[in-house]
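Notes for the one structure printed next.
The values are calculated or read from the model by the stated rules, or taken from the named source; none is laboratory data. Note that the structure is a prediction, hence the values are computed from the model and not measured. Neighbour counts run over all protein chains shown; Cβ positions are idealised from the backbone, glycine included. For the accessible areas, the whole protein counts, side chains as well, though only heavy atoms, and no ligand, DNA or RNA atoms are used. Shrake-Rupley method; radii C 1.70, N 1.55, O 1.52, S 1.80 Å.
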Amino acid sequence: MDLLIRFVAAAVAAGTPLLYGTLGEIMTEKAGHLNLGVEGMMSVGACAGFLAGYYTDSFALALLAAFAAAAASALIYGVLTVTFMANQNVTGLTLTIFGIGLSNFIGILALGRSESGTLKLPEGITAQMRGAGLPGLKDIPVAGQLLFSYNAFVYIGAVIAVLLFIYFSKTKSGLNLQAVGHNPGAADAAGIPVTRYKYISILIGGGICGIGGAYCAMIINGGVWVSNNVGGLGWIAVALVIFANWKPLNAIGGSLVFGALRILKFYVPKSVLPLPNAFYDMMPFLITALILVAASMRKKQNLSLPGNLGNHYFREER
């Protein structure tokens, strides 16, 4: 029982960056834009968040920096695809390459200026991040470890998922955004400012992805800067959007499942299943590929994908 509890808790922690990436991409795709640059935006957020935490020793400023930097990178995508109507797939892939390269470049520059040759977060911000759990609740048997023993990133991600659910289903603005993603021509005819909604959605979605990147740099890597720290999680997040059927609350369950796959190798005894660690490392990406294949075979009526996803909107053609 104790092993199962520790496994679930570890799966939640491992799935948290996937949750941010998935929620950010859902926000973007609800506006009808497929952004394959999640990996790049997470990388930019990882770099900005880590360096902000390193130089300011403030967890709040690190989160703001990660969000702002990733949103700025998403703005590049927005300008190219919304204003200039560039191909969304190519632009997203380019953003991934650019984001990873920029993050590594800035990280190497910062390393070069470090006297010790390494970048490690100060103890103050490390304590803020790992002040795990909610006082008084985390000591409750079983439920305390499963629900109340995590760092702030986990709870912020859960809150964002709930807020997006409320926004999409309960607010006029959220319904307008979904109208933009489903049929921008009809939304425009109804007086909804299509371009504004697209830009806001892309920027907020990119910023959310950036916080997930900050988690990778600041938590997963133990507070030490490592190049390529996102490690392909952005690509899994793109597939998780389909797995979650474009629903924010489903993204919580999806991230938990893939988080469990990521840490499975640490909990399955070699005597029970003698498989190499490389097989377990491959599993999340294999399942990702299978999800994409399955999604391509499913009927669109069974999906909640935006009707105009991946297509440009040119007002004069309305």
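Worth pointing out:
- The residue pairs whose first member lies in segment 225-254 and is under 19 Å from Ser43 (Cβ atoms), whose second member is hydrophobic (A, V, I, L, M, F, W, C) and assigned to a loop (DSSP other than H, G, I, E, B), and whose beta carbons are closer than 9 Å, counting only pairs six or more residues apart or on different chains, are Trp225/Leu119; Trp225/Leu121; Gly234/Leu36; Trp235/Leu36; Val238/Leu34; Val238/Leu36; Val241/Leu305.
- Verdict on Leu256 being assigned to a helix (DSSP H, G or I) and open to solvent by 40 Å² or more (accessible area, probe 1.4 Å): yes
- For the residues Ser43, Ser58, the requirement of being surrounded by fewer than 24 Cβ atoms within 10 Å (Cβ to Cβ) and out of contact with any Cys (no Cβ under 7 Å at 6 or more places or on another chain) singles out Ser58.
- Scan of segment 236-257 for residues that are at pLDDT 95 or above and of a type in the set (Phe, Trp, Tyr), ordered by number: Trp246
- Residue match in segment 262-282 (condition: at negative phi, surrounded by 13 or more Cβ atoms within 10 Å (Cβ to Cβ) and touching a Gly at 6+ places or on another chain (Cβ under 6 Å)): no
- Entirely in segment 133-191, the helices (runs of 4 or more DSSP H) that have 1 or more residues that are modelled with pLDDT of 95 or more and surrounded by 14 or more Cβ atoms within 10 Å (Cβ to Cβ): 152-170, 172-182, 184-189
- Here Tyr77 does not fit the description of being aromatic (Phe, Trp, Tyr) and under 18 Å from Met218 (Cα atoms).
Residue-by-condition table, conditions (1) open to solvent by 60 Å² or more (accessible area, probe 1.4 Å); (2) within 28 Å of Ala158 (Cβ to Cβ); (3) in a helix (DSSP H, G or I); (4) among the acidic types (Asp, Glu):
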position: Leu3; (1), (2), (3), (4): yes, yes, yes, no
position: Gly32; (1), (2), (3), (4): no, yes, no, no
position: Leu95; (1), (2), (3), (4): no, yes, yes, no
position: Gly99; (1), (2), (3), (4): no, yes, yes, no
position: Ala110; (1), (2), (3), (4): no, no, yes, no
